[in-house]
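Report on the following structure.
The values are calculated or read from the model by the stated rules, or taken from the named source; none is laboratory data. Here the structure is a predicted model, which is why all the values come from computation and not from measurement. Cβ placement follows ideal geometry from the backbone for every residue including glycine, while neighbour counts extend to all protein chains displayed. These accessible areas exclude ligands, DNA and RNA; they are computed on the full protein's heavy atoms, side chains included. Shrake-Rupley method; radii C 1.70, N 1.55, O 1.52, S 1.80 Å.
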Amino acid sequence: MTRSVQSAVHGTILAAMLALGAPQAFAASDGNTTGSARPPAASSANAWTPPTGFTREDSFFGTAAACESTGRNGIAEGKWSAYVCVQAAPFTPFRDLYVKK
């Protein structure tokens with residue numbers, strides 16, 4: 001293989017990996033700290049829709065650990081019955097918190 005072909009192959013593989021790295025949601029409704037992985041959404045961050053009955057908690061802005069902690073605390077305090085942490089945008093550590101009252 002020539003260097004230009006190798007470069008093209010590597011670029012194609014990288015692009016495919018980035019496209020497959022779409023946001024993933026992790027759900028926990030009973031205080032489960034591990035969460036359960038959902039299949040990746042489409043390549044657009046706006047393609048993910050919350051499950052029925054879930055609304056975005058506008059007061060939250062933070063990382064995955066903070067989202068899980070806030071979600072568990074909200075269940076313990078009786079503020080909501082379930083929560084879902086979703087990656088806010090591709091290539092960012094921040095999560096959006098969706099809750100079910």
Considering the range 67-86, residues that are among the hydrophobic types (A, V, I, L, M, F, W, C) and free of Cβ contacts under 8 Å to residues at least 60 places away in the same chain, and then whichever is most open to solvent (accessible area, probe 1.4 Å), we arrive at A76
Can you work out which of the residues in the range 87-99 that are within 16 Å of S59 (Cβ to Cβ) and touching a residue at least 40 places away in the same chain (Cβ under 8 Å) is surrounded by the fewest Cβ atoms within 10 Å (Cβ to Cβ)? A88
Candidates A37, A64, A25, filtered to the one that is within 11 Å of the chain's Cα centre (by Cα), modelled with pLDDT under 85, among the small types (G, A, S) and surrounded by 11 or more Cβ atoms within 10 Å (Cβ to Cβ): A25
